[in-house]
Each structure stands twice: as C-alpha cells, then as structure tokens.
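Down below is the structure, laid out as structure tokens.
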Amino acid sequence: MHIAFLTPEYPHPKVKTTAGIGTTILNLATELIKHQHQVSVFVYGQATDEIFYENDIKIHLIASKKFDIATWFYYRKYLEKYINQYVDSDKIDLIEAPDWTGITAFMNLKVPLIIRFHGSDAYFCHLENRRQKIKNFLLEKWGIQKATAYISPSDFASKITQYIFRIKHKPIIKIPSGLSLEKFHNPTPNDYQKGLILYMGTIIRKKGVLELAPIFEKVVREYPEAQLIIVGSDSYDIKTKLASTWLLLQNALNGATIAKVKYLGKVPYHDIQQYIRSANVCVFPTFAETQGMVTIEAMAMQKAVVNSNIGWANEIIEDGKSGFLVHPKEHDLFANRILQVIRNESLNATMGKAAREKVAADFDINQLVIKNIDFYLSVIQEKK
C-alpha cells in the first residue's frame, strides 16, 4: 500500500511545529516503511514549499496561502487539489488526517480518508467545559463527516468524539498510538537525580501546568531539595488572553519555589530522553488528552509517573502499580504521590519496571502497526 498522512506538524527541523500528532505519525510511518509499504506525509501551513525524503518517507511541506476572501475554505480546496495530483502520480491508496481543526472539511479526495482522533477543539472544549466557536465546531464536524472510517487511541476518546459529532454508521476502531521500545530504553533506571521532577508537554492551561504551582510548593515544603524542570513550547492562555502561560505559572509560584523551577522551552525531540533519564519522577496533571504520548514515553523509560486520573488515563496506567492517578485539582494528594516516589526508592524502582512492562504489552509500535495495516486494508478493499 501507499499510505499518506495529512498533518499540521511533524518532527523534523524544517517543520515549524511538532507535538503528539507529529510524533504519532513518525512512529507509525517508520514501521510502515519497515513492512514494505510506501508513506507520504503532507505537512500544511508551512513557511515554504518543498519536497524531500527522510528515511524513505516522502515529505511534502506545503506553504500557507492567503486568499482575498474565505481563506479557511480556499486553502482547504488548494490542499485538496495538491494532494489529489499526488494520489494519481504516486498511486496513493489511502489518506489519514487528524480531527483537529477539521482540515478535511470541503475536501473531495480521490481515495478513502481515515480520521484519527488526536483530539478536536470540540473534544477539548467538552473536557474543559468551555464554549467553542460555532465556526470551529462546524469545520470539525464537516471534516469528520468526510471520513470513510475512524481510528481512536482510547475508548474514552472514541466515546466522547462519537457523542459530540453524532457519528453513526461508520466504523471506529481502537488502536492506541505506539512507540518504538528500542528507541526508548533506559539501561540504568536507578541512575537519576533524586528529587528532580519533570514535566514535558505544551505550556498550556488544559495540560494542567498551572496546577504545578500549588503542587510543587507543597512538595518543596516537605522536601526542600526538590527541583522542577519544565520542557515544552509556551502558548497563549485562552482564559486570561495573555500571550504566555509560562508567565502565568511564574506569577503563581512564590519566591521560595521559583528558584527551584527551570523552564527549558522547546527541546529537540531527540534530546528529550536525557531529561527523562535524569528525572526522579515525571508529572502530567493534564485535564485533556486522547491518550498522552509523553506519559507513555516516560513509562517506557522506566519512570514512575504521577498522572491525571481523567478518562483516557485509566486505559494506560494501573493506579499504584504502573503509576499514580490523581485528579489535577487534588493538590495535596498529587504532591503526596510525588513525595512517595521521591522518598521510597524501592517503590520508584518497582513502579518504573511495571510501567515499562505496561508499555511493552499495550503500546509497542511493532505490534500496533499490524493492526493499522489490517484496518487500512479493510477500508481500501471495502471501497473497491
């Protein structure tokens, strides 16, 4: 097969941004190549146009376009025309796109389209109990309606998305996003900086980063040697309308703790592992995910994690065994779980080992790629 991915992000130096969507595509694309399939990646919204190969994956950078009216419509039609020409010339069999922003709205693609639930704006608004712009909802709804079938990384994301968009009579299959265990390996799991807490992810309210201020202050009160490292891109805060969520977090920290917090900003994907290895415990107090790839990456490297207990998280962590699950607003309990890991080296080791075993059992891309291939084939054959 020749599988194509349409995406706003991808882990490559030439691409403007990357996060969970891009990482998921890279992991899957790499395995598809190993199974003798062809892969193309169409990355829209870029600064320039360019086509190049990276590890046998054909990558199209597609520049942003401005139109005199309705750019939201005409840019989608521009992408449709661009993609369809390569469907013909490169004999693409199927296209996968994310639900985010409804990029496939108004597109009439020449091959089957699969939408993977990475998390739409409507999905996150639902979880955060905030209103969504009608235009954004309609674009996502129309984009999702264009799909032949759907892939969800969790039962929770499937149920919520199906409810929001009233999806009926089209197949939804659960296939978790996976990672290569060979690339996430920690040969010395007991070698870490005691008291070092690591947060990885976008600096944004929905990821629970503002909850880190009261949580970390409670940790420092009990364990003054604790340090917090924050890795990820800063972002606009939707509630206060401020340009920097990191600035909001700084303002929420008191003078005794702010000196113990180090913000590293965006770090290249290949450098993330060194920070995971150094950490005593990794924390993810997020309010909204479809699965949580950064949690799984930390678990794969045998790190004890203290994670949000909302929905999807119960599908990746067994509380008290492969990690701790706590609601982000339960600051005292969240801090206490962190302190448990820091103070109890035996617990840290056994929890990290169980975390690795959980990832190997449920999130190994070598196994999950087969499920993706089988589903792709079934969709293609159904359309013939």
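The values are calculated or read from the model by the stated rules, or taken from the named source; none is laboratory data. None of the values given here were measured: they were computed from a predicted structure. Neighbour counts run over all protein chains shown; Cβ positions are idealised from the backbone, glycine included.
Quickly run through segment 128-143 and pick out the residues that are surrounded by fewer than 21 Cβ atoms within 10 Å (Cβ to Cβ) and hydrophobic (A, V, I, L, M, F, W, C). Listed by number, the residues that qualify are Ile134, Phe137, Leu138, Trp142. Annotation: Ile215 fulfils all but one of (1) in a strand (DSSP E or B); (2) among the β-branched types (Val, Ile, Thr); (3) touching a residue at least 40 places away in the same chain (Cβ under 8 Å); the unmet one is (1). Each residue in segment 261-317 was checked for being in contact with a helix residue (DSSP H, G or I) (Cβ under 8 Å, 6 or more places away or on another chain) and within 17 Å of Ala213 (Cα to Cα), and 12 of them qualify. Among the residues here, Ile229 does not qualify as on the phi < 0 side of the Ramachandran plot, assigned by TED's automatic domain parsing to the domain that holds Lys34 and assigned to a strand (DSSP E or B).
Screening Ile229, Ile204, Ile215, Ile167 for residues that are buried (at least 16 other Cβ atoms within 10 Å of the Cβ), among the aliphatic types (A, V, I, L, M) and over 20 Å from Pro285 (Cα atoms) leaves exactly one candidate, Ile167.
I'd like to verify a number: residues in segment 331-357 that are farther than 27 Å from Glu211 by Cα and of a type outside the set (Ser, Thr, Tyr), how many? So the answer is 2.
Can you pull out the residues in segment 19-38 that are free of Cβ contacts under 8 Å to residues at least 40 places away in the same chain and in a loop (DSSP other than H, G, I, E, B)? The answer is Gln36, and nothing else. Could you check, for segment 294-305, whether at least one of its residues is surrounded by 24 or more Cβ atoms within 10 Å (Cβ to Cβ) and closer than 18 Å to Ile160 by Cβ? No, the conditions are met nowhere in segment 294-305. Examine segment 271-280 for a residue that is in a strand (DSSP E or B), under 16 Å from the mean Cα position of the chain (by Cα) and either under 22 Å from His185 (Cβ atoms) or among the basic types (Lys, Arg) (or both), and state whether such a residue exists. For segment 271-280, residues in a strand (DSSP E or B), under 16 Å from the mean Cα position of the chain (by Cα) and either under 22 Å from His185 (Cβ atoms) or among the basic types (Lys, Arg) (or both): absent. Taking segment 285-384 as the region of interest, the helices (runs of 4 or more DSSP H) fully inside it that hold 3 or more residues being without any contact (Cβ under 8 Å) to a residue 12 or more places away in the chain are 345-362, 365-383.
When segment 259-270 is filtered for residues that are part of a helix (DSSP H, G or I) and either within 18 Å of Asp319 (Cα to Cα) or touching a residue at least 24 places away in the same chain (Cβ under 8 Å) (or both), only Tyr269 remains. Pairs are defined by a Cβ separation below 8 Å, a sequence spacing of at least 6 or placement on different chains, a first member in segment 240-258 that is outside the structural domain of Thr202 (by TED's automatic domain parsing) and in a helix (DSSP H, G or I), and a second member that is of a type in the set (Gly, Ala, Ser) and loosely packed, with under 13 Cβ neighbours inside 10 Å; no pair meets this definition. Contact map, segment 188-212: residues that are assigned to a loop (DSSP other than H, G, I, E, B) paired with residues that are surrounded by fewer than 19 Cβ atoms within 10 Å (Cβ to Cβ) and hydroxyl-bearing (Ser, Thr, Tyr), Cβ distance under 8 Å, separation 6+ or inter-chain. Pairs shown: Tyr192/Ser278; Gln193/Ser278; Gly195/Tyr223; Thr202/Ser233; Thr202/Ser235; Ile204/Ser235. Consider segment 2-27 and keep the residues that are under 22 Å from Asp93 (Cβ atoms) and either among the polar types (S, T, N, Q) or modelled with pLDDT of 95 or more (or both). The one that is surrounded by the fewest Cβ atoms within 10 Å (Cβ to Cβ) is His2. The set of residues from segment 47-79 being among the acidic types (Asp, Glu) and either in contact (Cβ under 8 Å) with a residue 40 or more places away in the chain or surrounded by 13 or more Cβ atoms within 10 Å (Cβ to Cβ) (or both) comprises Glu50, Glu54.
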